[in-house]
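The values are calculated or read from the model by the stated rules, or taken from the named source; none is laboratory data. Quick caveat: nothing in here was measured; it's all calculated off a predicted structure. For neighbour counting, all protein chains shown are included, and Cβ atoms are generated from backbone atoms with ideal geometry for every residue, glycine included.
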Amino acid sequence: MEKIIFAIAFGAAVVSAPVLAQATGGGGWGQRDQTRAEAQQRADMMFQMMDSNKDGIVTKAEAEQALAQFEAMRGQSDSGRGGGRMQRMMDEAFSTSPSLTKAQFEAQALARFDAMDLNHDGTVTAAERQQLREQRQQSAPAPAPAPQPQ
């Protein structure tokens, strides 16, 4: 069971554009080049693992259950390093429907991949991820100034 939960989390992290775009550190799996075919394979794998009743549809409840199991296994909560990133990805995925077919899930994953593939060559590179991080940092709203003591 723990292997399945880990695989779900791994797939979610790899398929998720925010996770890949925010990855830091020295060239781990989140920093290597990724092809569109690899992104599609990971999306398919993740879908199969989240579809707990194997009916060809993943509901938000199934996805939330998989996330809760992963967090319990890792001893994490939304306040961890990921800062609820996987929860935000899930909320986005199910924003227009309470369930997704494999084709819909795959289309969302490939749309995230295509948005990251800045030169549209079918591969997301570390340089493209870095460029996206810089763009996000530039467009992020400035933090509110701290109140001044009087």
Practice item. Within the range 97-105, identify whether any single residue is among the basic types (K, R) and in contact (Cβ under 8 Å) with a residue 60 or more places away in the chain, and answer yes or no. Key: no
Study note, to complete from the structure: Residue hits (the range 63-77; among the charged types (D, E, K, R) and over 15 Å from M89 (Cβ atoms)) are R74
Practice item. Might you let me know whether the range 73-85 holds any residue that is in a helix (DSSP H, G or I), modelled with pLDDT of 90 or more and surrounded by 11 or more Cβ atoms within 10 Å (Cβ to Cβ)? Key: no
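Which of the residues spanning the range 109-123 are surrounded by 15 or more Cβ atoms within 10 Å (Cβ to Cβ) and not in a helix (DSSP H, G or I)?
Taking the range 109-123 first, the residues surrounded by 15 or more Cβ atoms within 10 Å (Cβ to Cβ) are 109-110, 112-114, 116-118, 123.
Once the filter is applied, which keeps residues that are surrounded by 15 or more Cβ atoms within 10 Å (Cβ to Cβ) and not in a helix (DSSP H, G or I), the range 109-123 yields D117, L118, T123.
Looking at the range 20-60 only, could you name the residues that are among the polar types (S, T, N, Q) and either modelled with pLDDT of 90 or more or surrounded by 13 or more Cβ atoms within 10 Å (Cβ to Cβ) (or both)?
Q22, Q31, Q34, T35, Q40, Q41, Q48, S52, N53, T59
Quick check: is even one residue across the range 61-71 modelled with pLDDT under 90, within 12 Å of the chain's Cα centre (by Cα) and either within 15 Å of F105 (Cα to Cα) or of a type in the set (S, T, N, Q) (or both)? Break it down into steps so the answer makes sense when it comes.
Residues of the range 61-71 modelled with pLDDT under 90: 66-71.
Keeping just the survivors that are within 12 Å of the chain's Cα centre (by Cα) gives 67.
This time we only want the ones that are either within 15 Å of F105 (Cα to Cα) or of a type in the set (S, T, N, Q) (or both), so: none.
No, the conditions are met nowhere in the range 61-71.
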